[in-house]
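The values are calculated or read from the model by the stated rules, or taken from the named source; none is laboratory data. None of these values were measured; they are calculated from a predicted model. Every residue, glycine as well, gets a Cβ built from its backbone with ideal geometry; the counts of neighbours run over all protein chains shown. The area values use the complete protein model at the heavy-atom level, side chains included, leaving out ligands, DNA and RNA. Shrake-Rupley method; radii C 1.70, N 1.55, O 1.52, S 1.80 Å.
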Amino acid sequence: MTSCVALIVAAGSGERFGGDRPKQYQDLGSRAVLHHTVGAFLRHPGVDAVQVVIQPGHRELYDAAVAGLDLPEPVAGGATRQESVRLGLERLAARDPAPAFVLIHDAARPLVGEATIRAVRDRLDEVPAAIAAVPVTDTLKRATGGLVSGTVERAGLWRAQTPQGFRFQEILRAHRELAGAELTDDAALAERAGLEVALVEGNADNLKVTNRDDMAQAAMLMNASLPPDVRTGMGYDVHRFSPGDHVVLCGVEVPHEARLEGHSDADVGLHALTDAILGALAAGDIGSHFPPSDPQWRGADSGLFLRHAVGMVRARGGMIAHADVTLICERPKIGPHREAMVARMAELLGIAPDRVSVKATTTERLGFTGRGEGIAAQAVATIRLPAT
């Protein structure tokens, strides 16, 4: 069988996007842009393997973005996109055997569809190169100094997208011969090398994330296609006080004249939330996954339990949509620590902080919490799963 490898180019710095991370490592929903992009090709039956090209200094960001995906060691990219692609092709050339076809795709196009990938790949059985593109529908103007100087005839004009597919040996030879030419995309390089390049009609949703408006549009498009199986789970937990000098609540150490007693770190908030997520999955409770009789969980960080529940959701192709925790106690005061709790829980859940809520209330000095004997917590979690 002829093999086809997807080469994902993720070596850019994304300076136009701004922020603390390049755009390919920014969050889109519950995962990084790069995770969505790579996943689209890993799931495709016509793609045998995926190779990613990254900037060497982004290794930690890369590892976090693709955690859980079956990928080979990434390729260190070059100073330009063209050089990065060539270095990626050289890595593929070292495979035994080298692939017959390669699909070169921008990491910042996370919404590429299965049909677009298939159409580009299938066209390579007939021509040496094929690219996804969409016809230009807007009227085009030429401008000089901010003033319109003419109208460009749009008939026959197309907007190039990726993936751009090639017969492997031919695009490798073209990249080697034209190294340093600084052409705008791989199709331009193929044209310069004399290869026939076919157009395959792509999809307007296959947008390239360049700025924050693009990211917002991508999020809107992704949300519109989210699976309809929405589930809600509830959790409740209680821990009594014992001698100590701090409590752990929602992943944050809070100074107090006592601690919470429990087999792990007794984080009543994270325990309740873990149970809520497990409940939404109909997957038992925290005790069935982490028995209190098992000594390995003695003093354990409850974030481990929550991450386990989140991993179960993702393993089923789902995502956490929202989490709401209510802490019930007279003391300590929760307000001064709420922001840190929200941030920590958002990190553990892999979602934006505006999808996490932490509230606190008292029982007006009634019951065991009112008497200051312990803390209780209630949690509600909403998840989305693929339709069955």
Next item on the list: State in Å² the accessible area per residue of the chain; use a 1.4 Å probe, count heavy atoms of protein chains only, and round to the nearest integer.
Entry: 48 Å²
Next item on the list: With N denoting the number of residues in the range 258-330, provide Rg(C-alpha) divided by 2.2 N^0.38 Å, to two decimal places.
Entry: 1.13
Checklist line | Mean Cα-pair separation over length for the chain, i.e. relative contact order, pairs under 8 Å, 6 or more apart, % | finding: 15 percent
Item checked: Computed Kirkwood radius, in angstrom, where 1/r is averaged over Cα pairs of the range 66-115 -> 12.8 Å
Next item on the list: Determine, for each peptide in 371-384, 57-70, the mean count of other beta carbons within 10 angstrom over its residues, then list the peptides with the highest first.
Entry: 371-384, 57-70
Check: Which percent of Cα-Cα pairs in the range 67-215 sits in each 5 Å bin, short to long?
Finding: 2, 9, 15, 18, 20, 17, 10, 5, 3, 1, 0, 0
Margin query: Tell me which of 203, 310, 369 sits at the most positive position along the dipole axis of the chain, charges placed on C-beta atoms (Lys, Arg +1; Asp, Glu -1).
Written below: 203
Note to self: Once you place label points 7 Å from the Cα toward the Cβ at residue 263 and residue 67, how far apart are they in nm?
What the structure shows: 2.5 nm
Checklist line | Lys/Arg +1, Asp/Glu -1 at C-beta; the chain dipole; positive extreme among 99, 271, 38 | finding: 38
Check: Using unit Cβ charges (K, R positive; D, E negative) and no other charged atoms, how large, in debye to the nearest 20, is the dipole of the range 259-388 about its Cα centre?
Finding: 220 debye
Next item on the list: Calculate the dipole size of the chain relative to its Cα centre from +1 charges on Lys and Arg beta carbons and -1 charges on Asp and Glu beta carbons; express the result in debye to the nearest 20.
Entry: 460 debye
Next item on the list: Rounded to the nearest 0.05, what FRET efficiency do residue 293 and residue 139 give with R0 = 56 Å and r taken as the Cβ-Cβ distance? Could you check?
Entry: 0.20
Item checked: Cα gyration tensor of the range 232-382 - equivalent ellipsoid semi-axes, whole Å, descending -> 24, 17, 14
Next item on the list: Convert each backbone phi in the range 60-68 into a coupling constant with the Karplus relation 6.51 cos²θ - 1.76 cosθ + 1.60 (shift: θ = phi - 60°), then list the ³J(HN,Hα) values in order as whole Hz, x for Gly and Pro.
Entry: 5, 4, 4, 4, 5, 5, 10, 3, x
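When the accessible area of the range 314-388 is split by element with a 1.4 Å probe, what percent falls to carbon and sulfur?
51 percent
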Notebook entry, point to check: If 89, 157, 71 are ordered by their accessible area, calculated over protein heavy atoms with a 1.4 Å probe, which sequence runs from highest to lowest?
Noted result: 157, 71, 89
Margin query: If packing is taken as the average number of other Cβ atoms within 10 Å across a peptide's residues, how do 292-298, 360-366 rank, most packed first?
Written below: 360-366, 292-298
Margin query: Taking 2.2 N^0.38 Å as the expected size of a compact globular protein, what ratio does the Cα radius of gyration of the range 231-280 give against it, to two decimals?
Written below: 1.22
Notebook entry, point to check: Looking at 378, 28, 260, which one has the Cα that reaches farthest to the positive end of the dipole of the chain (charges on Cβ: Lys, Arg +1; Asp, Glu -1)?
Noted result: 28
Check: In square nanometres, what is one fourth of the surface area of the convex hull spanned by the alpha carbons of the chain?
Finding: 24.9 nm²
Next item on the list: Please find the FRET efficiency linking residue 232 to residue 149, where r is the Cβ-Cβ separation and R0 is fixed at 35 Å, and quote it to the nearest 0.05.
Entry: 0.05
